[in-house]
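Every number in this text was worked out from the coordinates using simple rules, so none of it is lab data. Since we're looking at a predicted model, the values are computed, not measured. As a convention, Cβ positions derive from the backbone with ideal geometry for all residues, glycine included, and neighbour counts pool all protein chains shown.
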Amino acid sequence: MAHPRANGSQEQIQYDNHEQQHRETTSADNLGAPSTIQRSAPCEPEIGPFVDSPSPTYPASSLDPLQVPSEVLADSTSARRLDAHCCLARNDEGVPSTALVRFEYLNQGGANVIFKILPWWHASVEPGPPFVFLDAKIDGTKAIPLHRKVLLRQVLRVNKGLEKTLRCDEVIFGFYNHVRPLFLPGSIEVVHTDSETGTMTVVQTSLPSLDLTNYLMEHRGVMLYSTVMAYLSSKSDAIVAETHSESSTSSHLTAKRWGICLPDMSPMPGSSVTLEIKPKWLAQSPTAPKNAQRCRTCALQVAKPKDPNKYLCPLLLVEGSRDDLYPWVSARVEEQLAGTADLPTRRQMELITHVSSQISTYLSEGDGRSLLRHIRLLQTLLDPQGVLGRDQFSADLRPLFDYNLRLAMTLRDCSLYIKVGYTTSKMDAAIIDCRLGDMDFKSPDKIVDWHQKEWDLINCAAYSLESGDHLGCVILGKARRRQGRSGSFLVNT
Ligand SMILES: [Zn+2]
């Protein structure tokens, strides 16, 4: 897969010139626009073949096939359907050493635990047992083991097994069938409300003719068998027995479970830094009050402050200048580089300035800006009415409203990872690898919570509170500039 780079691109030019026009015309004026890709219907069928299968990026293994245990043969059909791997604990004579890997706990989120995949060398030096990944394309009773060089730049994501969270196979299905198509040319169905008559109609709206899927993380399913689950759960107490799913066949902690292999975007001390950005709401909430002083994300930050020193109004990511973004970016880069680069202080500061400058430019003038504006466009197209308007929809339109809202909220909870390589000897133009992660298609169970949260923000005046912290919000800045302009107009007259 070609990695997105920090250089300018045709996509960006297209966005800078036409996005505003596109936003203003797509909902009503592009009726019947030709589409090259139809999204799947707004319903969730049974797990089945992908609409857009992940393109195979794994090089063919040159390793000899291994005999597959019976437990793998028993469910090879589902593994094959997800284009998956199978992971087993193996250290017998027949397994080539170049196939052996180990797992190391990396971190965890609300629903998942992440493990690094590292080479396994020898029992005398390794803290844990070796594991092997097999290709699920089983031939008879044998399958080819994966050479570890194709696994070492990835992490393994394992669902903790909590209630109301998706199994990893459900996450993979939702990602490829519902989320990924939004980053390809095509069209989406949206409900359009006529501003004069209030009439609601379903319209087909075309997406930009851009393929942005290189910015998405390939999600490779991997069936983790009992010996693997026994080891992983011993390394993280957060992993509990998976009892929430009707299709779970066992409530044992060591029951086999789906995991996902994802690109490893974590920083490598001495050679790369990773900036993780939560873009959140890149446009104002459709149901924000008219006297709003701040955007949806800033309103939530006022109501429930989190890490005030690390906060950034997300609208700056799509409207702010390089200078607007630089202080925030620089502080984040410094957290990773200061004191860890094994360099004299002055050289460290030069490195921090250099990396921060590259990222700020990428986000304000480069491909990062184009990508974030695409996400803003999708958020706006998919949720033009806001969750509080849901009751106005008739029974026949509500499934589409809910489906699009779930997609919009998925895109309001994703993460943008920007990994920048560097050398301590010279300050070359950085190679930037930028990926969107955390794009699990949101469950309809969450709609009630979203409704309540929006209602609470309005009721506690989080949008409009004048004395609250303005947080550098773009919306307040615009309002003040308007007031300033109108004030000077009055004076001059
Ligand atoms: Zn804001």
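Under 16 Å from the Cα of Lys290, which lysines turn up, not counting those fewer than eight places away in the same chain?
Candidates past the 8-residue exclusion: Lys478.
For a footprinting-style exposure proxy, rank Ser425, Ser187, Ser443 by other Cβ within 10 Å, fewest first.
Result, fewest neighbours first: Ser425, Ser443, Ser187.
Would you mind ranking Glu218, Glu189 so that the residue whose beta carbon has the fewest other beta carbons within 10 Å leads the list?
Ranked by crowding around the Cβ, least crowded first: Glu189, Glu218.
From a point 7 Å beyond the Cα of Ala123 in the direction of its Cβ, which residues of the stretch 217-244 have a backbone N at a distance under 20 Å?
Label zone hits: 227-232.
I'd like the FRET efficiency for Lys453 and Ser394, computed as 1/(1 + (r/R0)^6) with the beta carbon distance as r and R0 of 30 Å, rounded to 0.05.
After rounding, the FRET efficiency stands at 0.75.
Using the number of other C-beta atoms within 10 angstrom as an exposure proxy, rank Ser233, Ser70, Ser415 with the fewest first.
The order, fewest Cβ neighbours first, is Ser70, Ser415, Ser233.
Give me the distance in nm between label points sitting 7 Å out from Cα along the Cα-to-Cβ direction at Thr141 and Lys164, one decimal.
Placing both labels 7 Å beyond Cα along the Cβ direction yields 4.7 nm.
Taking the Cβ-Cβ separation of Tyr105 and Leu343 as r and a Förster radius of 22 Å, what is the calculated FRET efficiency to the nearest 0.05?
Once rounded, the FRET efficiency stands at 0.15.
Find how much the distance from Glu350 to Glu189 grows on full extension, using 0.36 nm per residue of separation minus their present alpha carbon separation; answer in nm with one decimal.
Computed gain between Glu350 and Glu189 is 53.0 nm.
Please give the length that would be gained between Thr98 and Lys149 if that part of the chain were fully extended, namely 0.36 nm times their separation in residues minus their C-alpha to C-alpha distance (nm, one decimal).
Length gained between Thr98 and Lys149: 17.5 nm.
Under the 0.36 nm per residue contour assumption, what length would be gained going from the current alpha-carbon distance of Gln483 and Met200 to full extension?
Once the chain is fully extended between Gln483 and Met200, it gains 98.3 nm.
Please go through the residue pairs Lys137/Lys235; Lys280/Lys446; Lys142/Lys256; Lys278/Lys419; Lys280/Lys442; Lys116/Lys235 and name each one whose alpha carbons sit more than 18 Å apart in this structure.
Lys137/Lys235; Lys142/Lys256
Which of the trypsin sites (Lys or Arg not before Pro) across the stretch 156-187 are loop residues per DSSP, with 13 or fewer other Cβ within 10 Å?
Lys164
Please work out the Cα center distance from the stretch 169-211 to the stretch 382-447, rounded to the nearest Å.
Distance between centres, Cα-based: 13 Å.
Summarise the long-distance tail of P(r) for the stretch 349-447 by giving the % of C-alpha pairs beyond 15 Å.
68 percent
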